[in-house]
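Heads up, the thing below is written out as structure tokens.
The values are calculated or read from the model by the stated rules, or taken from the named source; none is laboratory data. All figures in this text were calculated on a predicted structure; none of them were measured in a lab. Cβ placement follows ideal geometry from the backbone for every residue including glycine, while neighbour counts extend to all protein chains displayed. For the accessible areas, the whole protein counts, side chains as well, though only heavy atoms, and no ligand, DNA or RNA atoms are used. Shrake-Rupley method; radii C 1.70, N 1.55, O 1.52, S 1.80 Å.
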Amino acid sequence: MDGVAPGRESVVSGRYPLGRELHVYVSRTALEENPAVEEYVRHLLEHGQEIVPRAFFYPLSDNAYAQARARLDERVLGPR
């Protein structure tokens, strides 16, 4: 696309225009009322770098996972 081949480096760097992040949004109500929701999200954040390649996605950076864990800990929900 526009002379940029799809691949990990071009997607992660943002040069390949069709690459995008996969977002998981959690409602405050679900998080507060169902402990399994928090357990699931924490599992994704702890093991995402292992899980997402099996679904043909590229994992986020270590820093992005750390920021997401901090947002969950602080109960900052919604888009960044």
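Within the shell defined by Cβ-Cβ distances under 15 Å, the residues around residue 3 carry a net charge of -1, with Lys and Arg each +1 and Asp and Glu each -1. Can you send over the carbon and sulfur percentage of the accessible area for the chain, probe radius 1.4 Å, protein chains only? The nonpolar share, carbon plus sulfur, comes to 54 percent.
Dipole size of the chain about its Cα centre, with +1 on Lys/Arg Cβ and -1 on Asp/Glu Cβ: approximately 240 debye, rounded to the nearest 20. In the chain, what GluC sites (Glu not before Pro) fall in a loop by DSSP, with at most 11 other Cβ atoms inside 10 Å? When the GluC sites (Glu not before Pro) of the chain are filtered for loop state and at most 11 Cβ neighbours within 10 Å, 21, 74 remain. Considering the chain, its Cα convex hull presents a mean projected area of 5.8 nm². Using the rule -39500 (n - 2.57) for each DSSP H run of four or more residues, divided by the residues of the chain, the 222 nm mean residue ellipticity is -15000 deg cm²/dmol. Give me the angle, in degrees from 0 to 90, between the Cα long axis of helix 62-73 and the longest principal axis of the Cα atoms of the chain, rounded to the nearest 10. That helix lies at roughly 20 degrees to the long axis. Rolling a 1.4 angstrom probe over the protein heavy atoms with all chains in place gives segment 7-67 an accessible area of 78 Å² per residue. Counted by Cβ distance under 15 Å from residue 38, the other residues give a net charge of -1, where Lys and Arg count +1 and Asp and Glu count -1.
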